[in-house]
Ligand code: HEC
Ligand code: HEC
């Protein structure tokens, strides 16, 4: 009798354990399936410009697996950019992939993340109150070298993206732009302008002046 109960208990425990493992593997399998779907869609639609593993190529397309890019950009920004493209640049719209296709691509890109996603807090940062006239001086002397005179990007022969482009500026928050200017994107030509590794040290106010100037470009 005693051994029967023991045996019963043991099989019950085994069943609970198995159920637990089963649930864990399905959860894992589901997201893995999404990532795989995204990988496939990425290979079919994006690899030509953004390269294998989405590492990008200067003057062709930016890196989409860059750790700082993934840590600062919200799903809303990435999904919106994929859906609408960036008109006036080489980035075409992909609305035909549908919401689930675009979600899967973002899951695939996010699977490369090496840093926590801080986009929620970054997007809540204050709006800039900078002086656009001063910002233009900085922009013309520093940023235009890579991003083009009016932030036209590759179209102007630069290696930086079209940061004066209306469809970029309509999706990018001031916090996202500010973080990118401050800390840059590692292993790309976008070096940060704040801290010990900065290419040229800009103060918080000067960075906000530049963002205010960029906002005037977006209205053109
Ligand atoms: C024909 C080339 C081309 C193809 C194909 C393409 N892109 Fe792009 N993409 C670009 C270019 C060029 C840019 C930068 C535009 C600019 O200068 O601002 C870009 C920018 C982006 C950005 C914004 C990145 C940032 O740093 O803000 C995202 C996100 C993106 N592409 C995702 C995708 C995805 C996902 C696909 C496939 C579904 C794709 N792109 C296919 C050329 C392409
Ligand atoms: C030496 C070249 C270079 C200089 C100078 C430079 N950038 Fe960049 N910037 C880049 C590149 C390259 C990228 C995209 C990274 C990639 O290719 O993956 C970038 C990306 C960005 C982005 C993100 C745009 C997007 O599409 O998501 C912003 C914002 C930005 N730069 C702002 C600035 C500002 C403002 C300045 C001047 C203070 C500046 N950059 C100076 C090369 C440069």
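In degrees between 0 and 90, to the nearest 10, how far off the longest principal axis of the chain does helix 2-45 point, with axes built from Cα atoms?
Helix 2-45 sits at roughly 30 degrees to that axis.
With a ≥ b ≥ c the root eigenvalues of the C-alpha gyration tensor of segment 108-160, is it rounded (a/c under 1.5), prolate (a/b larger than b/c) or oblate?
oblate
Using a basic spin-label model with each label point 7 Å from the Cα along Cα→Cβ, how many nm lie between residue 75 and residue 113?
Here the modelled spin labels are 1.0 nm apart.
Could you tell me the relative contact order of segment 94-206? Use alpha-carbon pairs under 8 Å, at least six residues apart, and round to a whole percent.
In percent, rounded to a whole number, it is 17.
Between residue 57 and residue 219, what is the label-to-label distance in nm when each label sits 7 Å out along the Cα-to-Cβ direction?
3.9
By its C-alpha gyration tensor, with a ≥ b ≥ c as the square roots of the eigenvalues, how is segment 79-133 shaped: rounded for a/c under 1.5, else prolate for a/b larger than b/c, else oblate?
Taking the square roots of the gyration eigenvalues as a ≥ b ≥ c, segment 79-133 is oblate.
What are the extents of the Cα atoms of segment 119-217 along their three principal axes, listed from largest to smallest and rounded to whole Å?
That works out to 33, 29, 26 Å along the principal axes.
Give, in nm to one decimal, the length gained when the segment between residue 133 and residue 100 is fully stretched (0.36 nm per residue of separation minus the Cα-Cα distance).
This chain segment gains 7.6 nm when fully extended.
Would you calculate, for the chain, the mean residue ellipticity at 222 nm contributed by helices, counting each DSSP H stretch of 4 or more residues as -39,500 (n - 2.57) and dividing by all residues, to the nearest 500?
Helix-only estimate at 222 nm: -16500 deg cm²/dmol.
Take the Cβ-Cβ distance between residue 203 and residue 33 as r, set R0 to 35 Å, and report the resulting FRET efficiency rounded to the nearest 0.05.
Efficiency at R0 = 35 Å is approximately 0.15.
Using only the alpha carbons, work out the radius of gyration and Dmax of segment 60-199 in angstrom.
15.0, 44
Using only alpha carbon pairs under 8 Å that are at least six residues apart, calculate the relative contact order of the chain and give it in whole percent.
RCO, the chain: 20 percent.
Under a crude label model (7 Å from the Cα following the beta-carbon direction), how far is residue 49 from residue 187 in nanometres?
About 2.2 nm separates the two model spin labels.
Using Cα atoms only, what is the angle between the long axis of helix 204-217 and the major principal axis of the chain, expressed in degrees (0 to 90) to the nearest 10?
Its long axis makes an angle of about 80 degrees.
Could you give the length gained by full extension between residue 156 and residue 40, i.e. 0.36 nm per residue of separation minus their alpha carbon distance, to one decimal place?
Result: 38.5 nm gained on full extension.
A short reminder: the numbers here are calculations on the coordinates, not readings from a lab. Please read all numbers here as calculations on a predicted model, not as lab measurements. All Cβ positions, glycine included, derive from the backbone under ideal geometry; neighbour counts span all protein chains shown.
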